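Working notes for the structure below.
The values are calculated or read from the model by the stated rules, or taken from the named source; none is laboratory data. Given the structure is predicted, the values throughout are model-derived calculations rather than measurements. Every residue, glycine among them, receives a Cβ derived from its backbone with ideal geometry; neighbour counts consider all protein chains shown. The area values use the complete protein model at the heavy-atom level, side chains included, leaving out ligands, DNA and RNA. Shrake-Rupley method; radii C 1.70, N 1.55, O 1.52, S 1.80 Å.
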Amino acid sequence: DGGITQSPKYLFRKEGQNVTLSCEQNLNHDAMYWYRQDPGQGLRLIYYSQIVNDFQKGDIAEGYSVSREKKESFPLTVTSAQKNPTAFYLCASSIDSRVTTEAFFGQGTRLTVV
Amino acid sequence: LAKTTQPISMDSYEGQEVNITCSHNNIATNDYITWYQQFPSQGPRFIIQGYKTKVTNEVASLFIPADRKSSTLSLPRVSLSDTAVYYCLVGASGGYSTLTFGKGTMLLVSP
């Protein structure tokens with residue numbers, strides 16, 4: 001089955017620790033995205049990548065880092081510099097970055113920092 | 001970027017037709033209108049996209065008037081499983097990364 005997979009579904013970390021969220025897709029998509037969603041809110045763009053070995057900051061990149069070494073993988077690291085990391089994180093991919101292409105989302109990772 | 005305005009919430013009953021209107025007064029010539037659906041604790045799912053007039057697929061219809069300053073997502077004969085948040089997105093220039101998922105419209109379908 002083709003799709004986009006995020007793992008783990010739930011993640012708990014202590015304050016001050018870095019944590020990496022996994023996102024893998026086997027759809028052969030060039031573009032990948034990371035969003036953050038807080039309760040009752042919409043999605044906010046953290047980082048996006050239009051092609052392998054390239055990525056750009058989104059609206060709320062501070063405290064996060066990404067890499068895009070492989071086409072199918074776009075991991076997100078939540079660093080200790082992120083002041084309020086507890087949230088629902090969503091990864092998405094699309095054939096390319098044009099708005100006319102459909103974006104496919106993963107099931108999300110719910111991160112709780114205690 | 002074109003800003004969108006949607007109702008925060010809507011209520012309906014099973015079997016009814018639901019119309020969710022999105023206002024986008026500043027829509028640009030190249031902008032497309034896209035709707036996504038999100039269930040709790042899941043990622044959004046693409047529903048439909050259009051540029052002008054009417055678009056229909058197996059899930060919904062999208063009505064866009066000539067001035068394109070608004071659009072209406074129509075869900076025929078909703079069921080309980082249509083309870084979700086519906087997002088209206090408008091954009092084109094700059095690519096997908098500039099699409100903004102606002103708070104959307106929470107649709108509650110009751111028996």
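Report the label-to-label distance for residue A:60 and residue B:77 in nanometres (one decimal), using points 7 Å from each Cα along the Cα→Cβ vector.
4.0
Can you pull the mean other chain C-beta count within 10 Å for peptide B:97-104?
Numbers: counts 14, 6, 5, 5, 8, 3, 4, 3.
If you average over the peptide's residues, the count of other-chain Cβ atoms is 6.
Write down the accessible area per residue of the protein assembly as shown in Å², having rolled a 1.4 Å probe over the full set of protein chains. Intermediate values should be presented prior to the final figure.
Values: 11180 Å² over 225 residues.
Per residue, the protein assembly as shown has an accessible area of 50 Å².
Leaving out ligands, DNA and RNA but keeping every protein chain, what accessible area does residue B:103 have, in Å² rounded to the nearest 10, with a 1.4 Å probe?
Approximately 130 Å² of residue B:103 is accessible to the 1.4 Å probe.
What is the antiparallel percent of DSSP beta bridges lying wholly in chain B, to the nearest 5?
Details: 29 of 35 bridges.
If I count the DSSP bridges inside chain B, around 85 percent turn out antiparallel.
Once amide H atoms are placed 1.01 Å from N in the peptide plane, what residues at a sequence separation of 5 or more from residue B:70, or on another chain, have their amide H within under 5 Å of its amide H?
For residue B:70, whose amide H was placed from the backbone, the distant partners under 5 Å are B:24.
Going Cα to Cα from residue A:9, which aspartates and glutamates come in below 15 Å? Please leave out same-chain ones fewer than 8 positions away.
Candidates past the 8-residue exclusion: A:24.
Sort B:17-24, A:84-91, B:74-81 by packing, meaning the average of other beta carbons within 10 Å per residue, with the highest value first.
Working: B:17-24: 17.6, A:84-91: 20.4, B:74-81: 13.4.
Ranking the peptides B:17-24, A:84-91, B:74-81 by packing returns A:84-91, B:17-24, B:74-81.
Mind checking A:56-63 for the average number of partner chain beta-carbons within 10 Å of each residue's beta-carbon?
Details: counts 1, 1, 2, 3, 0, 0, 0, 0.
Per-residue shielding by partner chains comes out at 1.
Calculate one ³J(HN,Hα) per residue across the stretch A:54-70 by plugging θ = phi - 60° into the Karplus curve 6.51 cos²θ - 1.76 cosθ + 1.60, and present them in order as whole Hz with x for glycine and proline.
In residue order, the calculated couplings are 9, 8, 10, 6, x, 6, 9, 6, 4, x, 10, 9, 9, 9, 9, 7, 10 Hz.
On a 31 Å Cα-Cα criterion, which of the cross-link pairs A:70/B:3; A:70/B:52; A:57/B:3; A:14/A:57; B:3/B:54; A:70/B:54 come out too long?
Details: A:70/B:3 34 Å; A:70/B:52 38 Å; A:57/B:3 21 Å; A:14/A:57 26 Å; B:3/B:54 21 Å; A:70/B:54 39 Å.
Those over the limit are A:70/B:3; A:70/B:52; A:70/B:54.
³J(HN,Hα) across the stretch A:98-103 via Karplus (A = 6.51, B = -1.76, C = 1.60, θ = phi - 60°), whole Hz, x for Gly/Pro?
5, 6, 7, 9, 6, 9
Using +1 on the beta carbon of Lys and Arg, -1 on that of Asp and Glu, and nothing else charged, what's the dipole of the protein assembly as shown about the Cα centre, debye to 20? List each step's numbers first, then the result.
Working: 20 positive and 19 negative charges, 82 e Å.
Dipole of the protein assembly as shown, to the nearest 20 debye: 400 debye.
Would you kindly state how much longer the chain becomes between residue A:14 and residue A:51 on full extension, computed as 0.36 nm times their sequence separation minus their alpha carbon distance, in nm to one decimal? Present the calculation step by step, with values, prior to reporting the outcome.
Details: separation 37, 0.36 × 37 = 13.32 nm, distance 3.30 nm.
That works out to 10.0 nm of additional length.
Computed on alpha carbon atoms, what radius of gyration and Dmax characterise the protein assembly as shown, expressed in Å?
According to the Cα coordinates of the protein assembly as shown, Rg and Dmax are 17.6, 54 Å.
In percent, how large is the relative contact order of chain B, given Cα pairs closer than 8 Å and 6 or more residues apart? Numbers along the way, then the final one.
Numbers: 278 pairs, mean separation 39.9, N = 111.
Relative contact order, chain B: 36 percent.
Would you please give the residues with an amide H less than 5 Å from that of residue B:103, counting only those at least 5 places away or on a separate chain, with H modeled from the backbone geometry?
A:42
Which far-off residues, 5 or more places away or on another chain, put their amide H under 5 Å from the one on residue A:21, with H placed in the peptide plane?
Hits under the 5 Å cutoff: A:76, A:77, A:78.
At what distance in angstrom do the alpha carbon centres of the stretch B:1-77 and the stretch A:64-114 lie from each other?
Computed from Cα coordinates, the inter-centre distance equals 25 Å.
What percent do you get for the relative contact order of the stretch A:1-110 when only Cα pairs under 8 Å and 6+ apart count?
Values: 271 pairs, mean separation 36.7, N = 110.
Computed over the stretch A:1-110, the figure is 33 percent.
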